[in-house]
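FYI, it's all coordinate maths here, none of it is from the lab. These numbers were taken from a predicted model, which means no experiment stands behind them. Using ideal geometry, Cβ is built from the backbone for each residue, glycine included, and neighbour counts are taken over all protein chains shown.
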Amino acid sequence: MEYDHILIRFGEISTKGRNRKKFIDQLAYNIKTKLIDFSKLTIEKSRDRIFIKLNGEENIQEITYRIEKVFGIHSFSLAIKTDSELTEIKDGALTALKDLEYIGKTFKISAKRADKQFPLDTNELNHAVGSHILTNTEGLRVDVHNPEINVRVEVRHEATYITCKDIRGAGGLPVGSSGKAMLMLSGGIDSPVAGYLAMKKGLHIEAVHFFSPPFTNERSKQKVIDLTKKLTQYGSKIRLHIVPFTDIQQTIQRQVPENYTLISTRRMMLKITDEIRNRNNGLAIVTGESLGQVASQTLESMYTINQVTSTPVIRPLVSSDKTEIIEISRNIDTYDISILPYEDCCTIFTPASPKTRPKLEKVMHYESFVDFDSLIEEAISKTEIIDYKTEIGIDNSDLGDLF
Ligand code: ATP
Ligand code: MG
């Protein structure tokens, strides 16, 4: 007997009633995609668990590292699978525990019976397995309230799974299970974090970036590409739309009074993103806006910008402080890319004193002198589309000893 499976417990999925099957299928698919190059592994689904059978695969650390980033997982553990027979279960639990550094530690058995036909009830099973362990080990004590090692015994009809250590999963919902949204991705700190949080809630995202050559250069574009690649670690596949925005920005500079250019620019960005969303069957737009952060993010500005669409605009960072956003960006490893110097298409054209309380009627009046629709159509037709996938074999040097 040996650890031969990884047992995966779901997070919020458990509450999702009717959609459960869809969620589980999506989660199993996402896990499979992440582990595609481990050819020995097989994945099994059940109502409340996913099991990865190792089939002799030994690189548990790399597998763990990847599973830790999959949304929709509450926790997971290395497991020993046995027949649902008492003697087998006892041996399995003893083996599982002996594989750890257990001497001097406290433990308890937490039996759970999905198979109610099993002859012993939960308490009896806890006692039987616990006594077997105490008889066959030295230096272990029972502590039912706050044990250092919790030996979990899950008796199911087809088999029993025994685990001793839980690893925390990323939580949230499986990416793709909530539908598709377009992420407005700049090269800044906020929007990649917003994208990460959107994915955490199960959204599959496509990224849209506005690029204004020669005012913004290739390095700025590369930043956005690098950020997109980073985000694929959480959602495996992301399509990036790079929209040429120079003509529109220059037109705005010419036609719109200076203190309204920023608002108009944002409106055009949102309008284009919405059209790309429409053509790609998305149902929402995600931005990195955080209320009050800059001139374009006052409530009045948001209101005026938002009038170009009735599509839901999701702003995961709306109530976050910058320090909180930076903390997440460090954790997800986008911070170092975001702080690289670059020219954003907006910073370059940002007026000295943008309106913080813009009026909708005014901006609509200024825009009415230009045929923006044909400029928008042209920008969309020249949009560059690139697909990115998770890069397998990413750095795992900081992994430590997890099991
Ligand atoms: P970020 O750090 O995400 O750039 P920010 O605090 O700099 O955000 P703004 O520059 O006002 O704020 O941008 C607000 C939001 O508008 C961004 O979070 C992003 O979603 C979107 N956005 C801004 N610039 C671009 C761009 N060039 N391409 C795509 N989306 C953009
Ligand atoms: Mg920005």
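Kirkwood-type hydrodynamic radius, the stretch 86-144: 11.9 Å, calculated from all non-identical alpha-carbon pairs. Report, in listed order, any pair from Lys21/Lys389; Lys22/Lys201; Lys237/Lys382; Lys53/Lys201; Lys22/Lys200; Lys200/Lys237 with a Cα-Cα distance greater than 19 Å. Listed pairs above 19 Å: Lys21/Lys389; Lys237/Lys382; Lys53/Lys201. Within a Cβ distance under 11 Å of Ser264, other residues only, what is the Lys/Arg minus Asp/Glu net charge? Summing Lys and Arg as +1 and Asp and Glu as -1 gives +3. The amide H of Ser110, built 1.01 Å from its N in the peptide plane, has Val151, Arg152, Val153 as neighbours under 5 Å, considering only residues 5 or more places off or on other chains. Near Lys201, the amide H atoms lying under 5 Å from its own belong to Leu173; only residues 5 or more places off or on other chains count, and H is placed 1.01 Å from N.
Considering only alpha-carbon pairs that sit under 8 angstrom and 6 or more positions apart, the relative contact order computed for the chain is 17 percent. Answer rounded, prolate or oblate for the stretch 127-177, using the Cα gyration tensor with square roots of eigenvalues a ≥ b ≥ c: rounded when a/c is under 1.5, else prolate when a/b is larger than b/c, else oblate. Taking the square roots of the gyration eigenvalues as a ≥ b ≥ c, the stretch 127-177 is oblate.
Of all DSSP-defined beta bridges confined to the chain, some 55% are antiparallel rather than parallel. Largest first, the extents of the alpha carbon coordinates of the stretch 139-262 on the three principal axes equal 78, 32, 26 Å. In the stretch 180-389, the ratio of gyration radius to Kirkwood radius, Rg to Rh, stands at 0.93 when only Cα atoms are counted.
For Lys229, which aspartates and glutamates qualify as cross-link partners when the Cα separation must be under 15 Å and same-chain residues fewer than eight apart are set aside? Partners found: Glu206, Asp333, Asp336, Asp387, Glu391, Asp395. Computed from backbone phi with θ = phi - 60° and the Karplus coefficients 6.51, -1.76 and 1.60, the 3J(HN,Hα) list for the stretch 182-194 is 9, 9, 7, 10, 9, x, x, 7, 6, 5, x, 5, 4 Hz; x is used for glycine and proline.
For the stretch 5-168, the Kirkwood radius over C-alpha pairs fed into Stokes-Einstein at 4 °C and 1.567 mPa s yields D = 78 µm² per second. A Förster distance of 56 Å, applied to the separation of the beta-carbon atoms of Tyr303 and Val144, puts the FRET efficiency at 0.50. What the Cβ-Cβ distance of Asn19 and Asp99 gives, at R0 = 41 Å and to the nearest 0.05, is a FRET efficiency of 0.65. Share of Cα-Cα pairs in the chain beyond 40 Å, in percent? Of all Cα-Cα pairs in the chain, 32 percent lie more than 40 Å apart.
Evaluating 6.51 cos²θ - 1.76 cosθ + 1.60 at θ = phi - 60° for every residue in the stretch 243-257, the Karplus couplings come out as 9, x, 10, 4, 4, 5, 5, 5, 5, 4, 4, 6, 9, 10, x Hz, glycine and proline recorded as x.
By the beta-carbon count within 10 Å of each Cβ, the least crowded to most crowded order of Lys355, Lys105, Lys322, fewest first, is Lys322, Lys105, Lys355. Taking the chain as a Gaussian network of alpha-carbon nodes connected by springs under 10 Å, the highest mean-square fluctuation of the residues Lys69, Lys271, Lys359 belongs to Lys359. Scanning residues 5 or more positions from Tyr388 or on other chains, those with amide H under 5 Å from its amide H are Ile238, Arg239, Leu240, with H placed 1.01 Å from N in the peptide plane.
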